[in-house]
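Bear in mind these aren't lab numbers, they're just calculated from the coordinates by the rules spelled out. On a predicted model such as this, the values are computed, not experimentally measured, just so you know.
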Amino acid sequence: MPGSDYNYVELFRELHLNRIWPSQCLGGTELEFNPSPILQGNFAQTHWVILLQTRASPVYIFAVPRETTLDPRQEILRTSARLFQQQGYDATSMNDVAAALRLSKGGLYHHFQSKEEILFNLMNHAMDITEERVLKPAKAVPDPVERLRTLIRLHIAVVLSERDREITVMLHENHPLSPMLRKRINMRKKDYIHFVENLVAEVHRLRGSKGTVTPRAAAFALLGMINWIYQWYRPEGALQEDALVQQYTEIFFQGALG
């Protein structure tokens, strides 16, 4: 059996990204590869069990935690987002993305035909994350005031999420998309803005606000304030997430809703 330092997670990732399946070859060696979980109980819910066999050796059975394995398209998107942030969108090529993933160029083009397609899918995925982790739970809160507080807290959490930060910030960069694709992203953004605007208006009415700030201006101010956090926030700094949520909520309620 390979040594204990053999990187099974890396092997799984390369096989998965390059779509190497049973009866195909890796380094000239025929493999039998099955990424389906085959164990019973809780272990099967948290791990992939992989069967690996070469012509000259017995079957190896090993487990990889599911959290270490991503859908190949998702891993391409995360790596692309990181490269776009580090190098800039214009300076990053499809070759750069393939090299960072240790993926063949054909393997990359199997999933995405162009850099623009990657960018569009990044922005679309960022909206999926926002809707799933912010909009959906906020809508489940019956009280409008608490719904708004929940939305502020969850939106800040998404912006500060270490796992998704590189993806979600792509929404706030002025990257070039074709007019048709840009329109599709902007429609999703507008739906979210309209939800926030209507929620602010509802809270205005409930609180009997006498202020002159319109719900629309307040909604844009709130989202701009939150979305800009990634530009200056440092996790090791004195201002931690809980305190940031509290202070942003207070700023908004005492200012725009005061």
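Viscosity 1.567 mPa s, temperature 4 °C: what is the translational diffusion coefficient of the range 205-258 from Stokes-Einstein with a Kirkwood Rh over Cα pairs, rounded to a whole number of µm²/s?
104 µm²/s
Ratio of the range 115-255's C-alpha Rg to 2.2 N^0.38 Å, to two decimals? If you can, show how the numbers build up before the last one.
Details: Rg = 15.5 Å, N = 141, 2.2 N^0.38 = 14.4 Å.
Taking the Cα Rg and dividing by 2.2 N^0.38 Å, one obtains 1.07.
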